[in-house]
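Read the figures in this text as sums done on the coordinates, not as results from a lab. All of these numbers come straight from a predicted model, not from anything done at the bench. We place every Cβ from the backbone using ideal geometry, glycine too, and count neighbours over all the protein chains shown.
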């Protein structure tokens, strides 16, 4: 009989040490097995062979007819456990697909029969050639390239270089919607060597893709969002994190990992090349690259030099109501620009970082407001389904025809969202083909499902949230309207300015890419804003230096590490008392940490409970890991949070 330490896949298993099981046969580290866990049967991963323990052990029930996970994948999992202080049951869930057949679904793909398309002759720009010259050995490189400068072409050339030496490549995209566009570009060049991995594939598709990667001994190109980091790729030669600044790379549930940090560790394990590409790099990543002497490759010229690159910019003051005679939300200047684009059979994009039709539903007479009964947050009105919805807990209700408090029939919808903009556009341009893209979009209407339609010009006017601001190259797009440039500045968080600069720069970058002459109309309450000026002029240095000085003053990243601690209680008073008690305990612990005063979470009430939080800062990340050990087990924690909301 042999004895093995096994990592089990179960969110209920909260320990950070493996369980011990026995088996009559010799097994390798990485072998996937089926084991009993209390009254359930779960999958697990063998990590080590050990001596017979002094306590009783259960039997491994079955071994799957699959190769073991690569050693490099196990090394990454060990690092993840220690770096994010995360339970093993959660980490194991990252390494395995949602379902696993106990034998091959199909045989491994024969590399000799895979389709590889003929390479097209593409003339590289001098900046692209210089980038490829600089990236000449395994290391971390930051490509700071303006939108339209041809970063993707650099990725393609690097992938070809990587495949040529028999190694695999991993390409990350922040959104599933952008994965489709990237995949099309890589499939045109590399054919069936491209494997797509993301959560919107069917369970069978995900398992087949995962098995192909696990079984194959030939190099592949895996493309997907942050979860693709944990695909069982062997012999990785290149990792690319496209749009590396994007907050979608932060996992918002345990183990709360940041994909760029994980990619950096994976680079070390494989001793390969890591590329961080962005037009608006993260302030933290940029500062780290500078301080560690990493190469920062600047690309400022458009790749499509022979095209029409002219781009005019108009700023509309939202306080000037004479601009809004035809629509309460869309200025006359923007309406005129859309009409011109329609007349030329070109496209328009209207960007608003809000979902729904209205943010606040209230009574004009008594001030009653439609709130979620579980979260105390304003319910958003959705005109297409005639419903009120809470975007925190999902609660739905029918909008009242009169005020439930005073009976007044005058109910107002204050503020607005993407659906309200769609209604306005369809009223003004009834013949136009309009499409909305946000996280409320039906599955068959999502960006990745309609990307070819958009590319081919079968949509006249696109309306959407930040998913339209990232990475899209739309040849027929000639008018861009930013409905409310200041919306993300209203968030009470230290990252608000960075988010606003990034989103504005990214969305403005959808036009002026060399396809058609274009115009940008930015609607704002603060036309004199320096941040807006920097974004419109692509003045990264001015924005970065000013923001860095402010972060240093207030001890925010990159000058301090952060830990966000949260507790949920039945009453606000109970949550406050618990938070005060834990804050006092941490302050008197003797650790080298700074503990802010406890405060209600940004969304204080959620799903019937009240949430309070503590923010802990330290110049040493290890001190925050030790602080986590002092926190009660029913608290949640987020090391290196993307924001403090």
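The separation of the range 207-232 from the range 536-575, counted between C-alpha centres, amounts to 35 Å.
What number, in percent, do you get for the relative contact order of the range 500-645 if the mean sequence gap of Cα pairs under 8 Å and at least 6 apart is divided by its residue count? That works out to 24 percent. Highest mean first, the peptides 236-246, 42-52 sorted by other C-beta atoms within 10 Å per residue fall in the order 236-246, 42-52. The Cα center of the range 608-645 and the Cα center of the range 24-60 differ in position by 33 Å. The order of 634, 460, going from fewest to most other C-beta atoms within 10 Å of their C-beta, is 634, 460.
Compactness ratio for the range 488-548: Cα radius of gyration over 2.2 N^0.38 Å (N = residue count) comes to 1.18.
Defining a contact as two alpha carbons under 8 Å apart and six or more residues distant in sequence, what relative contact order in percent does the range 2-95 show? Worked out over the range 2-95, it gives 39 percent.
Shape class of the range 118-199 from the alpha-carbon gyration tensor: rounded, with the ratio a/c of largest to smallest axis under 1.5.
Among beta bridges from DSSP that stay inside the chain, the antiparallel ones total about 50%. Mean sequence separation of contacting Cα pairs (under 8 Å, at least six apart), scaled by the length of the chain, corresponds to a relative contact order of 12 percent. Computed packing ranks the peptides 618-631, 76-89 as 76-89, 618-631, most packed first, by mean other Cβ atoms within 10 Å. Between [x] 3, 15, 27, 29, 19, 6, 1, 0; [y] 3, 15, 23, 23, 17, 10, 6, 3, 1, 0; [z] 3, 14, 23, 26, 21, 10, 3, 1, 0, which entry matches P(r) over Cα pairs in 10 Å bins from 0, in percent as derived from the coordinates of this structure? Given [x] 3, 15, 27, 29, 19, 6, 1, 0; [y] 3, 15, 23, 23, 17, 10, 6, 3, 1, 0; [z] 3, 14, 23, 26, 21, 10, 3, 1, 0, the calculated one carries the label [z]. Each peptide in 170-176, 593-599 was scored by the mean count of other Cβ atoms within 10 Å over its residues; highest first, the order is 170-176, 593-599. Once the chain from residue 339 to residue 545 is taken as fully extended at 0.36 nm per residue, the excess over their C-alpha distance is 70.2 nm.
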